[in-house]
Amino acid sequence: MYSANAVFDAAQAIRPYLTDLLAVPMAQSMDRQLAMLLEPDGRVSRDEKLLDLLQQEAMTREWLRLYVEEQRPADQILPILRTYYPLLAKTSKIQSPRYVCPVASCHRDWYRQTVAQAIPHCPIHDVPLVRDSKVGS
């Protein structure tokens, strides 16, 4: 299992990436829970709670694994999670579809991980994100 220090460091490092890993309401909820658990209050059991929280969702669980086990820098994990590697017989990799806010001045983007995921709204402009035409279909 992971050391208490590794879990604490990962919990701090993942917070800026939560909205890229999870749907906005879920990311906000997890961020609030992490913020409360990261505050020093003398409780010993917070490490288990942090670990349980980070392992609730597949994306945060994989982020945690890459950060702690493979010691990847936090800013390099998102591109790894967004790249799909086909079967070994294939030689090219396929990027997850990118969705962007249709408002010209907005730079908000989101990557679809599965077909079952609903396309979210831009948290700034409250309009549905659209598929980026610059990325291959």
Using helices alone, what [θ] at 222 nm do you get for the chain, with -39,500 (n - 2.57) per DSSP H run of 4 or more residues, divided over all residues and rounded to the nearest 500? -12500 deg cm²/dmol
What are the residues whose amide H is under 5 Å from the amide H of R72, where those residues sit 5 or more places off or on another chain and H is modelled from the backbone? Y67
Points 7 angstrom from Cα along the Cβ direction at R65 and I119: gap in nanometres? 3.0
Output ³J(HN,Hα) for segment 21-30: one whole-Hz value per residue in order, computed from phi by the Karplus curve 6.51 cos²θ - 1.76 cosθ + 1.60 with θ = phi - 60°, and x for Gly and Pro. 8, 10, 4, 3, x, 5, 5, 5, 5, 5
Cα axis of helix 4-14 to longest principal axis of the chain: angle in degrees, 0 to 90, nearest 10? 30
Other residues with Cβ under 13 Å from the Cβ of Y2 give, with Lys and Arg +1 and Asp and Glu -1, a net charge of -4
Once the convex hull of the C-alpha atoms of the chain is built, how many Å³ does it hold per residue, rounded to a whole number? 133
Could you check the simple spin-label distance between D132 and L38, using points 7 Å along Cα→Cβ, in nm with one decimal? 2.6
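We did not get these values from a lab; they are worked out from the coordinates using the rules stated. Predicted model only: the values in this text are computed from it and were never measured. When we count neighbours, we look across all protein chains shown, and the Cβ atoms used for this are built from the backbone with ideal geometry, even at glycine.
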